[in-house]
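Enquirer: Dropping a structure here in structure tokens format, bear with me for questions.
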Amino acid sequence: MHDIITIIPSNQAIKRVRIGLATLLILIVNVISAQESMTLPKALSIALENNLDIKIADTNILIAESNNTWAQAGKTPTVSLNGYFNNNIVNNNNPASFLQGAYYAGTLGGSADANWVVYAGGRFEVAKDQLELLVRQEELNKDVNTHDLLRNVYQQYYNVLFQQQRLEVLRESYSLSQSKLRYEQVKKEYGTSNSLNIIQFENALATDSINIVTQSLQVNTAKQTLYSTLLVPLTSDYVYAEVLSVTDEAINAEKLQDALSEDNYTLKSLYILSDLNALNTRLAQAQRKPIVSLNGSLGIAESGFKIFDDNPMTGDPFEIVFGNQITGGINAAVTWDLYDGGVRKTAIETAQLEEEIAKLSVEQAAANLINQLDILIANYQSQRQLLRLTDDQIRLAEENLSMLDERFKGGLVTSLDYRTVQLQYLNAAFAKVNAIYNLILTKSEIDYLVGKFD
């Protein structure tokens with residue numbers, strides 16, 4: 001017989017092991033606590049802070065606001081200062097000319113000129129309204145970018161929770177398969193099971209393992225998609241502690257339609273386009289009216305003149321002669337195109353027709369959006385009902401699995417039958433997770449359509 005040597009650890013060794021385990025536990029806790037949690041409000045806040053399109057939109061709004069002045073519209077007068085310094089040396093050999101020979105003529109002067117269009121038939125007012133409309137358009141562009149961003153972050157965040165919940169279901173299935181495999185292994189040791197049952201549960205465990213790895217990749221992809229939108233490093237390691245859930249709430253179709261008419265961003269864009277066409281009509285009508293302008297100027301000039309010759313009367317060289325001149329004037333002008341062969345009339349009629357088309361486009365878009373909203377509401381109601389049905393389905397699957405577990409332990413069903421029921425439970429759990437996620441997505445699409453993500 002062989003001697004069996006038993007090694008009994010000393011108290012000091014046991015103490016070192018306990019200290020090591022305690023240290024390892026503290027390190028694990030510190031690593032977990034060091035991970036930052038990600039919540040939906042936090043994701044939305046990061047997205048709004050980092051998004052470059054919104055920052056560009058803010059700059060465009062500042063530019064549009066800076067341009068929104070009466071000066072840019074052309075209503076204010078303009079004043080300009082002009083200066084000049086002319087120098088000329090002439091050698092005139094024309095016998096018919098009053099001045100002959102070489103001489104110098106120079107002038108130094110300046111003027112202030114002002115121009116003011118006093119009346120333009122409403123053109124300035126239209127231009128100012130167009131500048132204000134441009135500010136509204138840039139503000140709307142920012143709102144649209146923000147609206148789209150919030151919808152994307154909202155759906156991407158819940159996609160992470162959705163993929164994590166599917167992973168959790170697979171892990172539960174894996175844990176169940178693992179426990180059954182251990183149970184079969186114990187039964188085999190006592191001769192109440194066989195290798196076939198062991199292999200079947202090992203195959204089930206392998207399948208569950210592959211599914212977990214595949215789903216883990218889906219989780220990572222969902223996180224990276226969200227991080228890409230948030231403009232944070234793709235290697236970020238946030239913890240998503242929230243469990244995918246939804247509140248089964250009824251919605252009021254009438255209130256949603258009212259909100260859609262007021263807050264939908266497609267309609268808001270079309271309203272601006274309609275306003276722009278109305279301004280084009282006013283501008284075309286203004287072409288029929290006259291333009292009255294005033295202009296004035298004030299100038300002063302100092303001139304010098306010298307003949308490069310001697311004075312025949314005295315024999316002395318001619319001295320340079322200086323002179324100055326002051327000018328000023330105010331003028332008025334009226335321009336009125338009375339006849340152009342019908343060009344302005346055609347332009348007005350065209351602008352009015354385009355304005356009418358814009359109004360019809362708003363009505364058509366509103367009708368289409370209401371149809372979309374009705375479809376989404378119908379889908380939402382159907383998915384609410386489907387969620388209730390999946391609750392019943394998973395409850396029955398849990399009861400079936402529980403009852404089969406007792407029969408399996410009693411040897412009344414095979415491992416293959418048990419796996420079949422296990423898969424039914426897995427499908428029921430997936431169906432519930434999918435129903436919750438689809439309900440969340442549909443509700444988010446309704447909110448997006450009616451403009452609730454501001």
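The values are calculated or read from the model by the stated rules, or taken from the named source; none is laboratory data. Given the structure is predicted, the values throughout are model-derived calculations rather than measurements. Heads up, the Cβs are rebuilt from the backbone with ideal geometry, glycines too, and the neighbour counts pull from every protein chain shown.
Enquirer: Could you check, for region 106-118, whether at least one of its residues is outside any strand (DSSP E or B) and among the hydroxyl-bearing types (Ser, Thr, Tyr)?
Expert: The answer is no, given that none of the residues of region 106-118 is outside any strand (DSSP E or B) and among the hydroxyl-bearing types (Ser, Thr, Tyr).
Enquirer: Shifting gears a bit: Among the residues in region 247-256, are any in the same structural domain as His147 (by TED's automatic domain parsing) and either buried (at least 16 other Cβ atoms within 10 Å of the Cβ) or touching an Asp or Glu at 6+ places or on another chain (Cβ under 9 Å) (or both)?
Expert: yes
Enquirer: Only one of these conditions is not met by Gly315: (1) at negative phi; (2) in a loop (DSSP other than H, G, I, E, B). Which number is it?
Expert: With respect to (1) at negative phi; (2) in a loop (DSSP other than H, G, I, E, B), Gly315 is out only on (1).
Enquirer: A further question on this structure: Just to be sure I understand the filter: pairs with C-beta atoms under 7 Å, separated by 6 or more residues or on different chains, first member in region 272-290 and within 27 Å of Ala365 (Cβ to Cβ), second member assigned to a loop (DSSP other than H, G, I, E, B) and not β-branched (Val, Ile, Thr). Which pairs pass?
Expert: Partner pairs satisfying both residue conditions: Arg282/Gly122.
Enquirer: Here is a follow-up. Would you confirm whether or not region 54-68 contains a residue that is under 30 Å from Ala241 (Cβ atoms) and in the same structural domain as Glu138 (by TED's automatic domain parsing)?
Expert: yes
Enquirer: List the pairs whose first member sits in region 233-249 and is over 25 Å from Lys432 (Cβ atoms) and in contact (Cβ under 8 Å) with a residue 60 or more places away in the chain, whose second member is aliphatic (A, V, I, L, M) and assigned to a loop (DSSP other than H, G, I, E, B), and whose Cβ atoms are under 9 Å apart, counting only residues at least 6 apart or on separate chains?
Expert: Tyr238/Met38; Tyr238/Val232
Enquirer: Next up: Which numbered condition trips up Val232, out of (1) in the same structural domain as Leu387 (by TED's automatic domain parsing); (2) surrounded by 15 or more Cβ atoms within 10 Å (Cβ to Cβ)?
Expert: Of everything listed in (1) in the same structural domain as Leu387 (by TED's automatic domain parsing); (2) surrounded by 15 or more Cβ atoms within 10 Å (Cβ to Cβ), Val232 misses just condition (1).
Enquirer: Please determine, by comparing only the residues of region 94-105 that are assigned to a loop (DSSP other than H, G, I, E, B) and among the small types (Gly, Ala, Ser), which one is nearest to Asp309 (Cα to Cα).
Expert: Ser97
Enquirer: Moving on to the next point. With respect to Gln287, determine if the residue is surrounded by 13 or more Cβ atoms within 10 Å (Cβ to Cβ) and at pLDDT 95 or above.
Expert: The answer is no for Gln287.
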